[in-house]
Amino acid sequence: MAPGAAPAPVLLVLLAAAARPAAAWDLWALRCGFSADCECGFGPDLRGLEFDLATNVVGQPLVRQQVMKGVREFLENPNPVKPLVMSFHGSTGTGKTYVSSMLIRYLFQRGLQSPYVHHFSPIVHFPHAEQIEQYKESLKRWIQGNLTNCGRSAFLFDEMDKMHPGLIDVIIPFLGPSWVVYGTNYRKAIFIFISNAGGEQINNVTLALWRARKDREEISLQDLEPAISKAVFENPESGFWKSGIINEQLIDFVVPFLPLKHHHVKQCVVNELVQQGLEVRPSVIQEVADSIPYFPEEEKLFSSTGCKTVASRISFFF
């Protein structure tokens, strides 16, 4: 089958429901879309989120800081003027997907299984560059339809570094400070962008600061923002390239994920052993952590894969 003749992606198949005219939605859906009182299974547990971030998200002080600040400020405002928009950046294995899943789990009663949480992948939903105009229309209708169904919805966009440039701009009307867009109350929605883009630059800055004897815990968002901006927002291959989302400053919180050191990987091993119900043996912890490649070649300071391969490696040493 030729690339252009591939079956319609899952996103397009689902549009039959999402793109129905407003008159077709049942009365509850209409009330939920326009009412500020309808929470659609939304039950935030900020104490639980804060504890889980502190306990299980290893070596990411800026992540804990930015995520809690963003969510707390957003939820404390009963009438936000715009949705919460967060952008996660870092190399593989540093916890971006893990944190986004954790965040949703503590906000929605059914977590990622909630019908009001929507996850997009460019490889699955937007695979063909030649169909970008069709994807734009589909994505706009999908967002609009689901926000009509429930204004308290969450949208996760994974692998933004693989998103076709220009596609994401179609959701700009849903991100800005307006009250109603397309007849939809959308101000309480949450948008999370996840990307490996900027990971190399974050790693380089972290390494340079370490060599300058700046403690990892002292690294600030201001230390990293210029590098992230250049790598992510000025890259022609990035989904954010020349994006109005950037030009109009619609991202509320940029969340950088730092590279993980050897002792962070060891903590990941401990967490994984506990999760699997296995004995926490110091020898196993050391062997698993030592089996992972580190960079740069001279210092071997940071894990090349973060904690991504920890779970699969444990069986070799247990």
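Below is a table of values for the structure above.
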| item | result |
| --- | --- |
| Selection status of PRO127, touching a residue at least 60 places away in the same chain (Cβ under 8 Å), open to solvent by 30 Å² or more (accessible area, probe 1.4 Å), more than 24 Å from PRO44 (Cβ to Cβ) and out of contact with any strand residue (DSSP E or B) (no Cβ under 9 Å at 6 or more places or on another chain) | yes |
| Failed item in (1) in a loop (DSSP other than H, G, I, E, B); (2) free of Cβ contacts under 8 Å to residues at least 60 places away in the same chain, with ASN204 passing the rest | (1) |
| Odd one out for PHE302 among (1) out of contact with any Asp or Glu (no Cβ under 9 Å at 6 or more places or on another chain); (2) surrounded by fewer than 20 Cβ atoms within 10 Å (Cβ to Cβ) | (2) |
| Any hit, region 222-235, residues being assigned to a loop (DSSP other than H, G, I, E, B), on the phi > 0 side of the Ramachandran plot and not small (Gly, Ala, Ser) | no |
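The values are calculated or read from the model by the stated rules, or taken from the named source; none is laboratory data. Just so we're clear, the structure is a prediction, and the values are computed from it rather than from any experiment. When we count neighbours, we look across all protein chains shown, and the Cβ atoms used for this are built from the backbone with ideal geometry, even at glycine. For accessibility, only protein heavy atoms count, side chains too; no ligands or nucleic acids. Shrake-Rupley method; radii C 1.70, N 1.55, O 1.52, S 1.80 Å.
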